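One structure below.
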Amino acid sequence: MIDCAEYRRTVLADPHAASPELAEHLAHCPDCPAYSERLLRFEGRLAQALRIDAQVPRVRAFRSGWLAMAASVLVALGVGTLWLGAPHASLAADVVAHMAGEPDAWARTDVPVPSADLNPVLADAHMRLDSDAGMVSYAQSCLFRGHHVPHLVVQTARGPITVMVLVHDSVAKAQPFDEGGYRGVIVPVPGHGSLAVLAQGEGESLADIESLAARVKDAIVWTG
Amino acid sequence: MKDDVGGNAGRARFQALCQALRPDLLRFAFWLSRDRALAEDVVQETMLRAWKARDSLKSESAAKPWFLTIIRREYARSFERKRLATVDVDELIAREEPMLAAAHDQDLAELRAALFKLPEEYREPLVLQALMGYSTAEIAAELGLSTGAVLTRLFRARNQLRALCGEDTSMDPAP
């Protein structure tokens, strides 16, 4: 017959475990029935705790009404499934939506991201940056429209700007945008998709952002 | 899903399957990553990869473990690509507070916060068992572990979780 330690070890690993040995121990032990009962109560709470509300939309800092509405409708319908068949939101809207997921990237800093972190992100997109691009303070390879793309933050004299290298999304001509609290431009990069460059708030003029976009675009060296 | 997968009927069936499974897949990805935004991205990417690989799904009854395997792979890929830094758990809890909150049930919110504090090696098998209904053998197969190792992790997971929640663990056997 198993002892209390073995019984408890077994039911802690699987509170619903059942075997003749467990049943026999339970029938004769003065302490383990109460132990089991407490454990099963806890297990019920655990199952309840794990079932978080899968419909709660993640909070996004949309300021424009139509974008907030579009996002909530997508969430309500189940983004993951309908994304397969639904027409895509505009590229600019997707870029803006992506920003909400990484708010810390916008920190103003004079600390560059280590080369060991930056280079693999750029290499994933078959590119490198020459120093004319400015100081890169943040670099991640982010999931965007089903692809991993470089998400960079470049520090400028007027503050941080975000650059997304959208090698899988082409645009025919420059697309300026001003929505959701971000102002930016998506410029074509012939043969390599497009480049989204954007700033937070309204401090940066569109002309300045377009100029920054041109500078970053010129600083990219394609390696593949 | 080998029949008519490319046609409208096959597409509709696949979408219905995704819609039915999505809540649990999102929950699993959330408890794995402890990051709602990342979980949504991982599930979305998983759906896309699943659609592309739909021919390899032998039957709809095998869909759940099939999707779970893709999610785990996709999460690992995100983890590797993003080189997620070691993060402060209290910060994570504060950031995901809307997900962890339970109206009128502070104990439940605390239990969710305690789950965030479990090491991933304990949290993942526990979620597979208590949320996804996996057996010990299925967890072992999914995680590439022996059943003995899975049982040890599950035992330690509950032991630590109960301690974190202030439960009386004085009668628990030594880990």
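The values are calculated or read from the model by the stated rules, or taken from the named source; none is laboratory data. Small disclaimer: the values here were computed from a predicted structure and weren't measured. Backbone-built Cβ (ideal geometry, glycine too); neighbour counts: all protein chains shown.
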If we take segment B:98-148, then helices (runs of 4 or more DSSP H) inside it with 3 or more residues that are buried (at least 16 other Cβ atoms within 10 Å of the Cβ), within 9 Å of chain A (Cβ to nearest Cβ) and out of contact with any Cys (no Cβ under 9 Å at 6 or more places or on another chain) are B:106-117, B:120-130
Of B:T152, B:T69, the only residue that is in contact (Cβ under 8 Å) with a residue 24 or more places away in the chain, among the polar types (S, T, N, Q), in a helix (DSSP H, G or I) and closer than 26 Å to A:D14 by Cα is B:T69
Considering segment A:121-168, residues that are free of Cβ contacts under 8 Å to residues at least 24 places away in the same chain and not aliphatic (A, V, I, L, M), and then whichever is surrounded by the most Cβ atoms within 10 Å (Cβ to Cβ), we arrive at A:S141
Would you confirm whether or not segment A:155-178 contains a residue that is within 13 Å of another protein chain (Cβ to nearest Cβ), out of contact with any strand residue (DSSP E or B) (no Cβ under 9 Å at 6 or more places or on another chain) and not polar (S, T, N, Q)? no
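Table: residues versus (1) under 17 Å from A:F144 (Cβ atoms); (2) at pLDDT 85 or above; (3) surrounded by 20 or more Cβ atoms within 10 Å (Cβ to Cβ); (4) under 12 Å from the mean Cα position of the chain (by Cα).
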position	(1), (2), (3), (4)
B:W31	no, yes, yes, yes
B:D35	yes, yes, yes, yes
B:M47	yes, yes, yes, no
B:S59	no, no, no, no
B:P65	no, yes, no, yes
B:L92	no, no, no, no
Picking from B:R77, B:R162, the residue that is buried (at least 18 other Cβ atoms within 10 Å of the Cβ) and basic (K, R) would be B:R162
> Within the bounds of segment A:138-150, is there any residue that is more than 14 Å from chain B (Cβ to nearest Cβ), within 23 Å of the chain's Cα centre (by Cα) and hydrophobic (A, V, I, L, M, F, W, C)?
Replying inline: no
For segment A:193-224 the number of residues that are at pLDDT 90 or above, on the phi < 0 side of the Ramachandran plot and assigned to a loop (DSSP other than H, G, I, E, B) is 0
In segment A:99-120, residues that are at the interface with chain B (Cβ under 9 Å from one of its Cβ atoms) and either modelled with pLDDT of 80 or more or crowded, with 17+ Cβ neighbours inside 10 Å (or both) total 4
- [ ] Test A:S90 against the criterion of being at pLDDT 75 or above and within 30 Å of A:V187 (Cα to Cα), and give yes or no.
- [x] yes
Here the qualifying pairs (Cβ atoms under 7 Å; residues six or more apart or on different chains; first in segment B:120-142 and small (G, A, S); second buried (at least 19 other Cβ atoms within 10 Å of the Cβ) and at pLDDT below 95) come out as B:A130/A:L46; B:A130/A:L50
